[in-house]
Amino acid sequence: MDLETVLEIIREKNIESVRFQICDLNGIMRGRAAILGNIEKALDRGLTMNMGTMDFTSFDQFAFGNKYGVQSEDFTITPDFNTFSVLPYASKSARVLCDLYTHDGKEWECCPRLMLKRLVKNYHELGYFPQVGFETEYYVLEELEDGTYAPANYAEKEGHGLIFAMSGQDEWEEFYRTYCKTLVQMGIDATVVTKEGGPAQMEVNIHHYPPVKAADNQITFMDVARELARQFGYRATFLPKPFQHLFGSGMHVHLSLYDLDGKNLFYDPNDPKGYNLSEKMYYFMNGLLKHANAITAVGACTVNSYKRLLPHTWSPVNNTWGINNRSTLIRIPLDAKEQSMRLEFRSPDPSCNVYLVLAAILACGLKGIEEETEPPEPIQEDASDLSEEELTHRDAAMLPRTLFEALEDLKKDKVIKEAFGTTIFEEFIKVKMTEWITYREYVTDWERRMYMRTF
Ligand code: GLU
Ligand code: MG
């Protein structure tokens with residue numbers, strides 16, 4: 001799409017406000033809106049924002065040691081017209097996703113979307129064309145009288161909390177139908193809706209795409225879910241573990257690799273191991289396994305993320321792989337035929353920046369292809385049950401157990417540092433370490449309840 005086409009749509013649909021959206025290091029959608037007479041100029045020249053925006057934590061606190069702050073200059077948010085879309089749920093409004101440039105028109109080193117685009121270009125130069133599909137889970141909540149939130153329609157009705165149970169579907173019908181229809185209107189083909197393991201926990205499957213488009217779709221998918229849930233009187237939360245006793249919400253990343261002619265490079269019917277996996281797939285996978293902790297730091301990057309990654313919760317706790325095994329970090333879906341042969345990377349959750357996690361996965365996978373090393377044998381039992389000794393024996397290890405541990409591993413990861421560039425890499429770690437420190441120093445009700453009487 002070019003500027004003229006966009007302006008035509010704006011005139012035709014009588015659009016009065018265009019949201020210029022960007023994704024910060026946390027994955028939070030930030031931006032500005034151009035209104036009425038200013039829309040054309042803003043689309044043509046972009047809008048500006050302060051560089052300090054990229055050094056905020058998820059709770060809008062400046063990262064300790066931040067490179068950018070109130071004294072920093074502005075960057076330009078430049079619309080990518082291909083992402084222009086009228087918002088079916090907001091009156092006379094449209095949105096466009098933006099890339100970040102410096103005031104003199106150079107790609108800004110702290111733009112996650114441009115960084116991912118550059119990495120994908122490297123792939124193309126090597127003749128590799130990745131495809132990505134996200135499988136995202138989230139809870140739909142309702143506000144209770146005391147101001148707290150609980151899974152919607154759950155508290156007072158039995159049966160609706162059952163794993164994958166369709167009971168209670170009628171209460172959801174209108175919400176999820178409108179939700180999926182809205183996504184389709186915005187060009188995102190939502191196909192299957194699953195009532196996930198938790199009460200009022202949903203999963204919506206969307207089609208796979210090249211990485212940048214898949215990431216664009218993903219942030220749109222989350223934005224629309226939040227907005228529509230609000231319009232239906234609910235609240236959508238992508239927090240990885242909103243409730244201690246209920247299933248967490250993951251954001252599994254499905255990835256496959258094709259050549260220019262569309263041949264799936266992860267598939268090989270002559271695999272001597274009998275899994276139909278190509279050498280490239282094994283090498284790629286081993287790249288991910290070797291960098292599992294650091295990728296996990298990027299994809300599971302809130303304090304809360306590590307309360308999801310627990311044994312026997314269908315989420316991974318160690319850097320293992322398996323055929324159709326939902327307890328391992330990497331799952332090879334059993335149903336994957338020649339063209340759909342892919343791997344599923346399971347530690348990320350939807351509280352991350354999708355551009356960053358894809359870049360981390362693609363960089364480490366490519367490193368694996370370069371290094372040509374084979375992964376250990378697949379794990380076919382429940383990987384949660386493996387002790388640390390058994391893991392060592394099988395050439396595997398535990399994933400980080402806290403955000404702090406994960407970030408310490410990320411700090412040492414040269415492959416991800418090179419892919420991100422020093423600025424994104426360092427500012428991301430600062431932002432997330434600030435969240436960790438803020439949490440570590442916070443005295444909670446749990447401590448008062450459990451310790452106060454004793455000490
Ligand atoms: N909810 C699980 C997670 O946190 C995943 C369940 C599934 O396999 O779909 O990753
Ligand atoms: Mg699921």
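The values are calculated or read from the model by the stated rules, or taken from the named source; none is laboratory data. Because the structure is predicted, anything quoted here is derived from the model rather than measured. Note: ideal-geometry Cβ built from the backbone for every residue, glycine included; neighbour counts use all protein chains shown.
Looking at the stretch 389-406, which of its residues are among the aliphatic types (A, V, I, L, M) and out of contact with any Cys (no Cβ under 8 Å at 6 or more places or on another chain)?
Matches in the stretch 389-406: Leu391, Ala396, Ala397, Met398, Leu399.
Tell me which residues, restricted to the stretch 227-277, are in a loop (DSSP other than H, G, I, E, B) and closer than 23 Å to Lys121 by Cβ.
Hits for the stretch 227-277 are Asp259, Leu260, Asp261, Gly262, Lys263, Leu265, Phe266.
What tally of residues in the stretch 292-317 results from selecting those that are of a type in the set (A, V, I, L, M, F, W, C), within 16 Å of ligand 2 (Cβ to nearest atom) and surrounded by 19 or more Cβ atoms within 10 Å (Cβ to Cβ)?
Of the residues in the stretch 292-317, 2 are of a type in the set (A, V, I, L, M, F, W, C), within 16 Å of ligand 2 (Cβ to nearest atom) and surrounded by 19 or more Cβ atoms within 10 Å (Cβ to Cβ).
Tell me, which strands (runs of 3 or more DSSP E) lie completely within the stretch 317-404 with 1 or more residues that are of a type in the set (Asp, Glu) and under 30 Å from Val431 (Cα atoms)?
Passing ranges, in order: 343-345.
Report whether or not Gly197 is modelled with pLDDT under 90, surrounded by 19 or more Cβ atoms within 10 Å (Cβ to Cβ), over 30 Å from Lys121 (Cα atoms) and not polar (S, T, N, Q). Spell out the reasoning first.
Working: modelled with pLDDT under 90: yes; surrounded by 19 or more Cβ atoms within 10 Å (Cβ to Cβ): yes; over 30 Å from Lys121 (Cα atoms): yes; not polar (S, T, N, Q): yes.
Yes.
From the list Gln244, Gln218, exactly one residue is of a type in the set (S, T, N, Q), within 16 Å of ligand 2 (Cβ to nearest atom) and either touching a helix residue (DSSP H, G or I) at 6+ places or on another chain (Cβ under 6 Å) or under 22 Å from Gly299 (Cβ atoms) (or both). Which is it?
Residue meeting the stated conditions: Gln218.
Val193 is checked against (1) away from ligand 2 (no atom under 14 Å from the Cβ); (2) within 26 Å of Ser315 (Cα to Cα); (3) in contact with a helix residue (DSSP H, G or I) (Cβ under 6 Å, 6 or more places away or on another chain) and fails just one. What number does that condition carry?
Result: Val193 passes all but (1).
If Thr402 satisfies all but one of (1) out of contact with any Lys or Arg (no Cβ under 8 Å at 6 or more places or on another chain); (2) farther than 20 Å from Gly27 by Cα; (3) modelled with pLDDT of 95 or more, what's the number of the condition it fails?
Status for Thr402: all satisfied but (2).
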